[in-house]
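FYI, it's all coordinate maths here, none of it is from the lab. Values in this document were obtained by computation on a predicted structure and should not be read as measured data. Cβ: placed from backbone, ideal geometry, glycine included. Neighbour counts: every protein chain shown.
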Amino acid sequence: MKPERALKAGRPLARHCADLLAEAPSLDELVPAVSLLGGKLSRTLAAALARFSGGGAPAVSVGMPMDGNLASIDADIETLASHSVIAVGSEGHPVLATFTAGPVLRLVDRAFGGKGDEPATLPEMFPLSADLLIARLEVAVAEALGEAFGGSEPLPARPLRRDTSLRQLAPFPKTEDTIQIALDMDEEGFAAWSLSIAFPQSTLAALLGGRRRRAIPAAAAPGDPASEPYASVPLTVSAVLVDMPLGFAQLSRLRPGDVLPISVARNVPLMVEGRTIATGTIGDLDDRVAVQINHAF
């Protein structure tokens, strides 16, 4: 029944729950959840990627979450890369996984009994052997994403489509904000390699609880950190301005006077013992570098 008919019949209009009508979380609010998600992914992927090396599980580490969009992701890629759309959840929320040519071709070389060498000149297109390997990598990443998002009950996740051109692939609106993480794989005796995963804001909002919920009053008030015995406990707070991956080959070529282009993240994390407690922006105060807190957790 339409609303105007309901009024004529003397029936009240539906009153929707305020929680369901609340705004979706902002990108800043999603950063801590993505950091936690990255930790889960690293643990799940380590075992899955052991199948590709034929040996032990690699050590998987997660880089600092970086905000951006499709344009910034495309601009950061300087070589041939394969982009894969992975649908997560029953509604198929998109996640973008990117595999650059160098690491893929090194894995292909190892699969055929080589030492994991990279061609001196990268091809303009992936050979069939690399396409087959990327298809296996997609499945491994999809399974890891399903477990990371689902917890004790993994969510369905599957690769949808793949392309070397982000413009042709169009995984989600090009203006949508994303949070991107790099997963670095380190194996003894082989060159480290990495892959990146980008989460659009809408996907994170849907799969990580989505809407803000009203706080439930606690039965008892927690301890006050401004009171003793907590107030005098010293803590070291670190502000991570830049966390950038750098290949070993590029690292070995560094010389005095070289310039490395870097970009400071819009949201600089403040960390205590490896855990993000707040994010802020870089500025200055009384001729000293300062961080203005935008969000605290």
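Backbone geometry of the stretch 232-240 corresponds, through the Karplus equation with coefficients 6.51, -1.76 and 1.60 at θ = phi - 60°, to 3J(HN,Hα) couplings of 8, 6, x, 10, 9, 9, 10, 9, 8 Hz, x marking Gly and Pro.
Report the full-extension gain for the segment Phe190 to Asp109: residue separation times 0.36 nm, less the Cα-Cα distance, to one decimal in nm.
Values: separation 81, 0.36 × 81 = 29.16 nm, distance 1.17 nm.
Contour length minus Cα-Cα distance gives 28.0 nm.
Could you tell me the calculated FRET efficiency between Val259 and Ser61, based on Cβ-Cβ distance and R0 = 25 angstrom, to the nearest 0.05? Calculated value: 0.45. Between Ala231 and Asn294, the modelled labels are 3.2 nm apart [label points 7 Å from Cα along Cα→Cβ].
For the stretch 59-184, take the convex hull of the Cα atoms, compute a quarter of its surface area, and give me that in nm², please.
The orientation-averaged projected area of the Cα hull of the stretch 59-184 comes to 8.7 nm².
Annotation: amide H-H contacts under 5 Å for Gly280 (H modelled 1.01 Å from N, sequence separation of 5 or more, or interchain): Val268, Leu270, Asn294.
For the stretch 82-135, the ratio of Cα radius of gyration to the globular rule of thumb 2.2 N^0.38 Å stands at 1.35.
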